[in-house]
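Okay, structure first, notes after.
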Amino acid sequence: MILRYTNSKGDSITFSHQRPYIVSQFTGFADSQVNVQRQKAPYQDGYTWIDSLLEEKPMSLTFTIMGGEQERRFASHVLNPKLRGQIEYNSNNKLYSIDVEIESGPLFPSGDDRGPFHQLGVVEFLALNPFWRSKPEEQMPTFEPLFEFPFEGEFQMGISRIQRVIQYEGDVPTPVQIEFYGPATNPKVENVTTGEYIKVNQTLGENEVMKIDTTSGQKSVVFVDENGDEHNMFHWLDLDSTFFQLQIGENEIEYTADSSVEETDFVINYENRFIGI
């Protein structure tokens with residue numbers, strides 16, 4: 001087991017089977033409480049299920065410091081409860097991560113748990129977002145033009161289209177980060193599987209980019225001009241646009257624009273999200 005904690009200042013500490021920070025026990029790989037949403041009508045037997053929501057995930061790490069005051073001081077420095085952090089877990093060369101707060105600790109018991117060259121340590125984490133995540137996936141769909149006229153040179157008419165199927169392997173729907181690259185006129189990306197789409201009613205010039213994030217709590221529409229300056233542009237979105245998520249399993253994604261599109265005109269990024277690992 002290899003666990004790596006990194007705080008919001010960028011300081012990291014690794015817990016494994018090797019010195020100086022040896023893992024004794026870790027809980028939190030799959031421990032999630034469920035809040036079942038339900039409703040009851042007059043004279044109804046039982047309840048009607050509405051949804052099941054995961055609560056925050058408590059996590060606990062017990063470790064042994066094989067060292068002295070310097071190693072204990074470093075652990076206290078990195079595991080600062082005033083800072084947020086992230087836990088990374090390496091399993092069979094697969095890397096998973098989860099954002100956490102430190103709810104308690106680090107605690108360093110005395111007595112037999114402390115000696116000149118060893119010290120027991122305990123820290124309690126709380127993952128407000130209970131999902132473990134895999135490394136980000138980047139999808140650049142293959143180019144499939146609608147049609148061409150048999151003229152000399154390249155000449156296309158109609159809406160150009162990019163299509164591909166994304167096989168999402170997570171346990172729950174996941175948000176996406178979309179990038180439209182100019183030149184493009186009225187670019188639109190649709191999850192054909194759900195019928196939801198995001199469309200920008202604007203023409204993007206050469207070296208201009210539109211970035212869209214559908215993550216709950218941090219939804220954004222950012223326009224990056226040719227100088228690299230960023231501008232919030234929610235009002236450019238089509239009114240029927242939806243900040244959609246990838247669904248479990250197969251998702252047919254289609255990118256269209258009122259101008260010719262190339263493979264590099266559109267990129268979609270996402271993370272697999274797991275209830276437990």
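The values are calculated or read from the model by the stated rules, or taken from the named source; none is laboratory data. Keep in mind that this is a model prediction, so the values were computed, not measured. We work out accessible area using only protein heavy atoms, side chains counted, and drop any ligands, DNA or RNA first. Shrake-Rupley method; radii C 1.70, N 1.55, O 1.52, S 1.80 Å.
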message: Considering only C-alpha atoms, what is the centroid distance from the stretch 84-121 to the stretch 55-77, in Å?
response: 4 Å
- request: Could you pull out every residue, at least 5 positions away or on a different chain, whose amide H is within less than 5 Å of the one on residue 132? Hs are placed 1.01 Å off N in the peptide plane, and Pro or chain starts have none.
  value: 274
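Only helical DSSP H runs with n ≥ 4 go in: add -39500 (n - 2.57) per run for the chain, normalise by residue count and round the 222 nm mean residue ellipticity to 500 deg cm²/dmol.
Details: 1 runs with 10 residues, N = 277.
Computed mean residue ellipticity for the chain: -1000 deg cm²/dmol.
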- line: Residues whose built amide H sits under 5 Å from the amide H of residue 127, excluding neighbours closer than 5 in sequence, are 57, 59, 101
- prompt: Quick one: of the DSSP bridges fully inside the chain, what percent are antiparallel, nearest 5?
  reply: 100 percent
statement: Largest fluctuation, 23, 36, 172 only, Gaussian network model of the chain with Cα springs under 10 angstrom, belongs to 36
- prompt: Once Rg and Dmax of the Cα atoms in Å is worked out from the coordinates, which option in [x] 19.2, 61; [y] 17.6, 55; [z] 24.5, 87 does it equal?
  reply: [z]
task: Return the lysines within reach of residue 9: Cα separation strictly under 29 angstrom, same-chain partners fewer than 8 residues apart disregarded; answer none if there are no such residues.
output: 57, 82, 94, 135, 211, 219
query: Ranked from the most accessible area to the least, with a 1.4 Å probe and all protein chains present, what is the order of 258, 113?
result: 258, 113
